[in-house]
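Remarks on the structure that follows.
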Amino acid sequence: MTLELPLAPTLRERPLTVLELTEGAKRVLEQAFPAAWVEGEISNFTKQSNGHWYFTLKDPFAEVRCAMFRSDNRRLPAEPENGLKVYARGRLSVYPARGAMQFIVRDLLATTEGGFYAIALARARQALEKDGLLDPARKRALPPFPGVIGMVTSPDGAAWRDVVAVIARRWPLVELMLIPARVQGEDAPRDLCRALGLANRFEGLDLLIVGRGGGSKEDLWAFNDEHVARAVAASRVPTISAVGHEIDVTLTDLVADLRAPTPSAAAEKAVPDRMEVLRYLASLEAGLGVSAGRRLDAAGTRVAHAQSRMAVAAQGRVRDAAQRLREAGLRMHAGCAAITEVRRAHLERLAASLDALSPLKVLERGYSVARDAAGRVLRRVGDFPPGLSFRLRVVDGEVGARAETGA
């Protein structure tokens, strides 16, 4: 039997290298199959030290090896688990070094409701529950009259401005402290943890608000980060979480001592209303006066009855008893008057503190405020060009004025 060897390649038939073959196959495959969505089940998932993901996508009849590089998978809030059904968008290619066909995934969506965000949230919540951080029994009461309140939020967001406005209206005696942090984006969780750690280093801090305005699920996702939730739970001072709108509930809402639906609502819960405090003090003063009067009236009635019953048998003892009762009534009246005076002095001190904050007090000391026709405050010499008509606000009204010379 003669073995026939294949003919050697001619000069026109130069043999390809393995690399040329696999790279050619890659070009043909990538041109033939444009980007597409593929439905399948994750298996053999691995994560490399460089952050790249490798897994197999399969259905009951076939499977394909997949790669999702770090630049793409970093957008997902959680890693997939084996057995998870997904929609993967990408294109077929060939890895020349191994001559293996693979599907390069650019986007990955879980078919379950809520997708990867729901998966990540469930994992984080389970870990927090395991450590007892969601137990309502660990929540602390807020201080009734905080002196210093800190807020972890973005300095550029509306949340900070809302809190400042509400607290200035309700209880202007409190001191506010901003601890700036990014509240959305890839670096937000790390920045929020840094800001929370910094806030807890201030010894004089009485209360801490953590939050931001509303947004999409992706915008609010930093407040569902497990590390952020643990940092809020570890705060040494009571915390209020104020993230998003009322329908949005995050993990920081669940671990904080109190949850507020908006930053403005958090400010209202953080401080008392000065008008309500003043009304309470006034009612307390009035109540003390009424109570003292009733006690005196009751004492007088008892004296009269005692005198009537004992008039025949012991007129002298009745007079002595009446005298003692009158003296007791005087002492009681004096005591009530002293209590009322102490309360009134305390109320006057509070009223004086609030009144000192009024801008009219500044005008009473001889200052005035200049405003142009549009109502804008004129602060500098350059704001007064020659001939400018303006209004000068003094303590008891406004007067018209005109600038004679400019800057």
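Once every DSSP H run of n ≥ 4 in the chain is given -39500 (n - 2.57) and the sum is divided by its residues, what mean residue ellipticity at 222 nm do you get, rounded to the nearest 500 deg cm²/dmol?
On the way: 11 runs with 166 residues, N = 407.
One gets -13500 deg cm²/dmol as the mean residue ellipticity at 222 nm.
May I ask you to order 374-387, 49-62, 257-270 by the average number of other C-beta atoms within 10 Å around their residues, highest value first?
257-270, 49-62, 374-387
Scan the chain and note any complete DSSP helix (H) whose C-alpha atoms cover at least 27 Å along its axis and whose Kyte-Doolittle average is -1.0 or more. List each step's numbers first, then the result.
Details: long enough: 274-310 (54 Å, -0.06); 315-356 (60 Å, -0.36).
The answer, listed by residue number, is 274-310, 315-356.
Stretch Leu330-Val342 to full length: gain in nm at 0.36 nm per residue minus the Cα-Cα span?
On the way: separation 12, 0.36 × 12 = 4.32 nm, distance 1.83 nm.
So the extension gain works out to 2.5 nm.
Where both residues lie in the chain, what percent of DSSP beta bridges are antiparallel, nearest 5?
Expressed as a percentage, antiparallel bridges in the chain total about 65.
Hey, rough spin-label estimate for Phe145 and Asn50, points 7 angstrom out along Cα→Cβ, what's it come to in nanometres?
According to this spin-label approximation, the distance is 6.4 nm.
When the chain is modelled as a GNM with alpha-carbon springs shorter than 10 Å, which of Ala97, Ala229, Ala337 fluctuates the most?
Among Ala97, Ala229, Ala337, the largest GNM mean-square fluctuation belongs to Ala97.
Springs between alpha-carbon atoms under 10 Å, Gaussian network over the chain: tell me which of Gln184, Gln323, Gln102 tops the mean-square fluctuations.
The residue with the greatest mean-square fluctuation here is Gln323.
Along the range 79-89, what does the Karplus equation 6.51 cos²θ - 1.76 cosθ + 1.60 (θ = phi - 60°) give for ³J(HN,Hα), rounded to whole Hz, x for Gly and Pro?
Per-residue couplings from phi come out as 7, x, 10, 4, x, 6, 8, 9, 10, 10, 10 Hz.
Mind sorting Leu108, Leu92 by how few other Cβ atoms lie within 10 Å of their own Cβ, fewest first?
Neighbour counts put them in this order, fewest first: Leu92, Leu108.
Have a look at the range 73-157 and give its Rg and Dmax from the Cα atoms, expressed in angstrom.
For the range 73-157, the Cα radius of gyration and maximum Cα-Cα distance read 21.8, 71 Å.
Report which label in (i) 1.45; (ii) 1.31; (iii) 0.97 holds the value of Rg/Rh (Cα atoms, Kirkwood Rh) derived from the coordinates of this structure.
Checking each listed value against the structure points to (ii).
Just to be sure I understand: if I project the alpha-carbon convex hull of the range 362-402 onto a plane and average over all orientations, what area do I get in nm²? List each step's numbers first, then the result.
Values: hull surface 11.8 nm².
With the hull built on Cα positions only, its mean projection is 2.9 nm².
To make sure I understand, if each residue's beta carbon is the centre and we count other beta carbons within 10 Å, what order do Ile179, Ile339 fall in, fewest to most?
The fewest-first ordering by Cβ neighbours comes to Ile339, Ile179.
So, in nm, how far is label Leu198 from label Ser368 when the simple model puts each one 7 Å beyond its Cα toward the Cβ?
In this crude spin-label approximation the distance works out to 4.4 nm.
Could you put Met177, Met275 in order, starting from the residue whose Cβ has the fewest other Cβ atoms within 10 Å? Display every interim value, and only then the final one.
Values: Met177 14, Met275 11.
So the ranking, lowest neighbour count to highest, is Met275, Met177.
FYI, it's all coordinate maths here, none of it is from the lab. Keep in mind that what you see is a predicted model, and the values were worked out from it rather than measured. Here the Cβ is made from the backbone with ideal geometry for all residues, glycine too, and neighbour counts use every protein chain on show.
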